[in-house]
Amino acid sequence: MPLLMVGSVRNPIAARRILSSAPRFHTVSRMVPRSSLLSKLRPSSSSILGASQQLHSVGLRTFTATPDSKQPTSPNAASSACSTEAQGKALATYTGPLASTFTRLKLFSLGSLGLATVLTPILLLAPGEISLAGRVGLCITALATSGVSTALIAWIGTPYVGTMRLLQPSGTRSLGEMRKEEEEKVVMELNTVSWRLKRQKTLVYEPHFLRPTSRPFASWEITNSPPPLALSQAEGKEVVKKVAETFDWKTGASLGVWSVKYTPQAQQKGQGEAEPYKMVAKTEVAGKPNRYFNVHEELLGQDWQVLG
């Protein structure tokens, strides 16, 4: 054991002789190539598979370190993904040039109404030479002016469409349940802002139900007198069509549905003698869907000719 004797030898020359006479130890990297060593130390996939099969046959469970590729998704993200997939791809888009202006007007009107409401008690209780009747009159005038201006701006700006898209719906129903003319239908998405500054989305499933309107500060309306339907198309059965539906942009909750119902009992004769009888539609409104829309028609391109 020459290495153990080095500590006991006091003469440094003798220690050097002992160390020089000791056998030299070489590292593994000098004796064996690194690539061959790694290939020997690294197990092959076949050996790992065989070992795992043997462990399973014995009754032991094996665990792998492969990370799970599935990531948890929030319910809002899942619902938005499903809604985007159901809507399909956009064929045309539109942006209203005055969308930000109407939003600022609504914000200013709501702010003035809130300020008038807060300052009214202060005006009534503050000391001054004005009589109580005069203070009450001033408070009523301020609240009425602010309330009327807020309602007027809301009535003017609520139908204004900020963005609009023409969508080609993806196949949510089987082709056996859809007629040929139904496969070529498009869906319109109209985005508006309510008087409380909440974004709303209206999906119009029957764009041909949109008609010019006589309402001021609006271009289109969902008609209240839909066209009749031939009995041959309905095969003598009751037909219910969902014309439009309004959703809350943030939560996705349905705010209202506009639909029509065709019944075989309500019929009318065609204009000509050869024309068959047609079913008359009855409008059904559930909730508070948006009916009026303000759009700059001069900005619409040829892709919007589907509206007629």
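Would you be able to say whether some residue in the range 202-210 is surrounded by 13 or more Cβ atoms within 10 Å (Cβ to Cβ), part of a loop (DSSP other than H, G, I, E, B), in contact with a Phe, Trp or Tyr (Cβ under 6 Å, 6 or more places away or on another chain) and hydroxyl-bearing (Ser, Thr, Tyr)? The answer is no, given that none of the residues of the range 202-210 is surrounded by 13 or more Cβ atoms within 10 Å (Cβ to Cβ), part of a loop (DSSP other than H, G, I, E, B), in contact with a Phe, Trp or Tyr (Cβ under 6 Å, 6 or more places away or on another chain) and hydroxyl-bearing (Ser, Thr, Tyr).
Looking only at the range 84-99, count how many residues are assigned to a helix (DSSP H, G or I) and either modelled with pLDDT of 95 or more or aliphatic (A, V, I, L, M) (or both). It would help to see each step written out before you state the result.
Narrowing the range 84-99 to residues assigned to a helix (DSSP H, G or I): 84-87, 99.
Subsequent filtering for residues that are either modelled with pLDDT of 95 or more or aliphatic (A, V, I, L, M) (or both) retains 86, 99.
Total satisfying the criteria: 2.
From the list 239, 243, the lone residue that is modelled with pLDDT of 90 or more and assigned by TED's automatic domain parsing to the domain that holds residue 261 is 243. Among the residues of the range 178-193, is any of a type in the set (Ser, Thr, Tyr) and at pLDDT below 95? The answer is no; no qualifying residue exists. The residue that is nearest to residue 109 (Cα to Cα), among those in the range 131-144 that are without any contact (Cβ under 8 Å) to a residue 24 or more places away in the chain and surrounded by 13 or more Cβ atoms within 10 Å (Cβ to Cβ), is 139.
The values are calculated or read from the model by the stated rules, or taken from the named source; none is laboratory data. Keep in mind the model is a prediction, meaning the values are calculated, not measured. Cβ coordinates were reconstructed from backbone atoms using ideal geometry, including for glycine residues, and neighbour counts include every protein chain displayed.
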